[in-house]
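Written below as structure tokens is the structure these notes are about.
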Amino acid sequence: MVHSAYDSFELLSDCPTKIESIESYGSKLLLGCSDGSLRIYAPESSGSDRSPTSSDYHTQILELRKEPYVLEKNVAGFSRRPLVSMEVLESKELLLSLSESIAFHRLPNLETIAVLTKAKGANVYSWDDRRGFLCFARQKRVCIFRHDGGRGFVEVKEFGVPDMVKSMSWCGENICLGIRREYMILNSTNGALSEIFPSGRLAPPLVVSLPSGQLLLGKVRSLRAPYPLIQTVVLRNVRHLLQSNNSAIVALDNSVYGLFPVPIGAQIVQLTASGNFEEALALCKLLPPEDASLRAAKEGSIHIRYAHYLFDNGNYEEAMEHFLASQVDITYVLSLYPSIVLPKTTSVPEPEKLMDISWDSSHLSRASSDVSDDMESLPAPHLSESDESAALRSKKMSHNTLMALVKFLQKKRYSIIEKATAEGTEEVVSDAVGDNFASYDSSRFKKVIKGRGNIPFSSSAREMAAILDTALLQALLLTGQSSAALELLKGVNYCDVKICQEILQKSKNYTALLELYKGNSMHHEALKLLNQLIEESKSNEMPAELTQKFKPESIIEYLKPLCGTDPMLVLEFSMLVLESCPTQTIELFLSGNIPADLVNSYLKQHAPNMQARYLELMLAMNQDGISGNLQNEMVHIYLSEVLEWYSDLRAQQNWDEKTYSPTRKKLLSALESISGYNPEALLKRLPADALYEERAILLGKMNQHELALSLYVHKLHVPDLALSYCDRVYESLLHQPSARSSGNIYLTLMQIYLNPQRTTKNFEKRITNFVSPQTTSIPKVGSAMSVKGRGRAAKKIAEIEGAEDFRVSLSSTDSGRSDGDVDEFNEEGSSTIMLDEVLDLLSRRWDRINGAQALKLLPRETKLQNLLPFLGPLFKKSSEAYRNFSVIKSLRQSENLQVKDELYNHRKAVVKITSDSMCSLCNKKIGTSVFAVYPNGKTLVHFVCFRDSQSMKAVGKGLPLRKR
């Protein structure tokens, strides 16, 4: 016996005749005897009471009493044969009996109102009061009839069964049958049979329908699979089993017993004490609604005990399901795992403390049960095995227990995290509206939590969330679920930083450790660790998979979200990867909108060797976004490196003006391409006897073209560079109509070619005077020169003025000098005229040079034959222009004549006015009045009418009205 579900009590004994059937009616018993009589018994304490009337029955709750019953009335000859079975139909106040056939009697007078003749020979029946269905068994057939509402019945179905039916009862839409020594279910729709379980070797199958829809069978067996045996009531020769309003009635040959249910609370105690937790939980569902709090307490306690039982027997996941159902605090479950480290700010209750749940004895007591109501506490499990095999089993069990713990914590996590987050949000809102002046108790503490910023908290919800997440992370790591642990740290979590940091460091789970730092805004620690991992990966001290994961680019990826919130931190740690990943690092500065001046200043202080590289890439990626100050600084950096390089070569006596280092190439390119620097400041830093190309570019930026070209020609001796310089100036001035003639730059170059080269001393003095702060004007360039033709003796020529004194008039091609004039000769110094270069310039840029002015500058001994490459295309272009202009002039004259002819034709129009001509506006005759004609030449109006009728719309559009 598992537990006592019913208490057996003998209601009556020594019935004079054999009992064939039994039924209850209110608090009374109706016995159908073998002699055909109907004997009515009542409780001994109410022997003087009368039989209940219909009104009494509905106004009183009459139940069988747990006391002896005595005979109240004997109806002899109630039927001619023994009453096989009978049933009280409470809703209709009828008594249904089975003897020769099935009959219906009115209660309480027992008058017969209907007899079902088709049921003759039936041995058992069952009535479904809800639907009005009657089923009965006759030999090996089961018949189903439906009550038509009056006194008749309609046959519905008839099915065959394997053997004679000994007992039957409606079970919903189906019928439970007792056949041979087995219980079966008959489908009332299609007649299908299915076996349940045997009734036993000796006792016949007995089945009774309960008000709840369940069935009470001959073994008092649970109907939940696998149909376990609940209780055995030892009664010999049981003939009938009947369900009453508050108990079950068992009829023997000459006596009747009542099976009164034990209170549910007492049954729960029995089942729990015996370890039958599933049955105890099932019975908790049957507690009345008014005992909801008691029910919750009972279920919680049972779940906890059941969980301990399962945990001790190795069913860890199932145990966690019951811990979960018990709504027990997670700290209670975590106390079973001593290896899990929890935050020290929390107090973890011992398991025994939660087991002491008091039960109300008034709900658990029962009249005649010998089962104790005490529930013993189950001790926490203790492992004391020491041998090697036990250690292996312990290790396996530890893994399984931790896996179960992971699932338990994951199921509990959502509600706890949601509550903790809600409390954090409430605090932020409260602080925002000015409630942060409220005082806090001494237990309050602060912690930085991912996704919430620096929010002070001390609530139990967030404390519990910290316990849960800290324990969950450890359990995941101990069970080898590193990826799940990483996902936990990536999301919103409340992990205790100190504990988790120590655990992750010991396990060398650096990826998760980085997420822990990142989630708690510990960016310094995260970046230091990341840099350390990158350095270790370079030395091959790390596994290959981690080497591939931790690269310099990882620091850049980490810094990207921090550009807007902590730019100084970004600058500090970007220095670690600036040399190895310059392009990506500068892209980080640009995408993060970190001010360029701030970046440059930081680099200048901490990484000066990378300052130029940053400015280069900054300029290449976003030329418009770099300020003039940064451009100037970049050029100065280049120049400093070039000057240092120049000094080294000069000391080694290896300097060559045409030697170019990478930095010098960058300097020249920067000087030409950008314009944000100060050329005067740079010019002062240049040596007087070197770096002429840089000096020329700077002079050009200051619009000192004559000096710049002189450097290209007389210092660098590279005419091509001089020509390229002129081209750049020409093209820059081409679209500036207010500027001087763009072709004058080529004339300036011609003068330099034709002007004899001065001594180096005088030229350097001129440059020095120009860059000197006291100098405000440029001295003239002039000296005596000798002219030497190609292959001819030198001849004297007149002195040619400097470019600063040379002004070209755009309105005249005559400079005031004739070809026959002889220039004065200065005997100091002599040089060679660069006539070949002049001729080459004229032949290559004839279309950009004013020919007349160029010819004025040439020496008179210059042969026309040498000028053919210049004059030929120039004259051809001039001739073409002259012819084109002539054609255009002729076309315009012709067009003018055509327009005049068309005008004359329009003026030749003739309008004939007769005596019948009418005004189109006033409909009067024109007569001799002044009139007007519309452009169509037909519509005539008085001029006065036209002038006065401004609202009239003209009939035709085109030429204006003509006044006649």
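Please treat every number below as a calculation from the coordinates, not as lab data. Computed from a predicted model, the values in this text were never measured in an experiment. Here the Cβ is made from the backbone with ideal geometry for all residues, glycine too, and neighbour counts use every protein chain on show.
General remarks:
- Residues listed by number, region 292-312, amide nitrogen under 20 Å from Asn400 label point at 7 Å toward C-beta: 305-312
- Taking 0.36 nm per residue of sequence separation and removing the Cα-Cα distance, the Lys924/Ala296 pair yields an extension gain of 214.6 nm.
- Taken about its Cα centre, region 909-953 carries a charge dipole of roughly 60 debye when the Cβ of each Lys and Arg holds +1 and the Cβ of each Asp and Glu holds -1.
- Size of electric dipole in region 459-606: Cβ of Lys, Arg +1 and of Asp, Glu -1, about Cα centre, debye, nearest 20: 120
- With a Förster radius of 30 Å applied to the beta-carbon distance between Lys876 and Asp727, the computed FRET efficiency rounds to 0.85.
- The label-point distance for Gln584 and Val944, in a model that sets each label 7 Å from Cα toward Cβ, rounds to 9.8 nm.
- The simple Förster model, with R0 at 30 Å and r as the Cβ-Cβ distance, assigns Glu111 and Asp253 a FRET efficiency of 0.50.
- In terms of its C-alpha gyration tensor, region 868-908 has a prolate overall shape, because the principal axis ratio a/c (a ≥ b ≥ c, square roots of the eigenvalues) is not below 1.5 and a/b outweighs b/c.
- Taking region 909-953 and dividing mean pair separation by its residue count, relative contact order in percent (alpha carbons under 8 Å, at least six apart): 32
- Violating pairs (Cα-Cα greater than 27 angstrom) within the set Lys419/Lys508; Lys344/Lys407; Lys490/Lys604; Lys73/Lys118: Lys419/Lys508; Lys490/Lys604; Lys73/Lys118
- Cut-off under 5 Å, modelled amide H: who pairs with Lys925 long-range: Cys919
- The modelled label-to-label distance between Arg844 and Glu44, using points 7 Å beyond Cα along the C-beta direction, is 14.3 nm.
- Mean projected area of the convex hull spanned by the Cα atoms of region 909-953, taken over all viewing directions: 3.2 nm².
- The label-point distance for Leu734 and Ser274, in a model that sets each label 7 Å from Cα toward Cβ, rounds to 11.0 nm.
- Entry for region 263-320 at q = 0.13, 0.16 Å⁻¹: log10 I(q)/I(0) = -0.32, -0.47, Debye formula applied to identical alpha-carbon scatterers, no solvent contribution.
- Burial ranking of peptide ranges 469-481, 633-645 (average Cβ count within 10 Å, highest at the top): 469-481, 633-645
- Applying 1/(1 + (r/R0)^6) with r as the Cβ-Cβ distance of Met164 and Thr189 and R0 = 22 angstrom yields a FRET efficiency of 0.45.
- Taking a sphere under 9 Å around the Cβ of Ile40 and counting the other residues whose Cβ falls inside, with K and R at +1 and D and E at -1, yields a net charge of +2.
- Taking 23 Å as the limit for the C-alpha separation, the pairs Lys560/Lys666; Lys506/Lys560; Lys658/Lys715; Lys551/Lys665; Lys518/Lys560 exceed it in the case of Lys560/Lys666; Lys506/Lys560; Lys551/Lys665.
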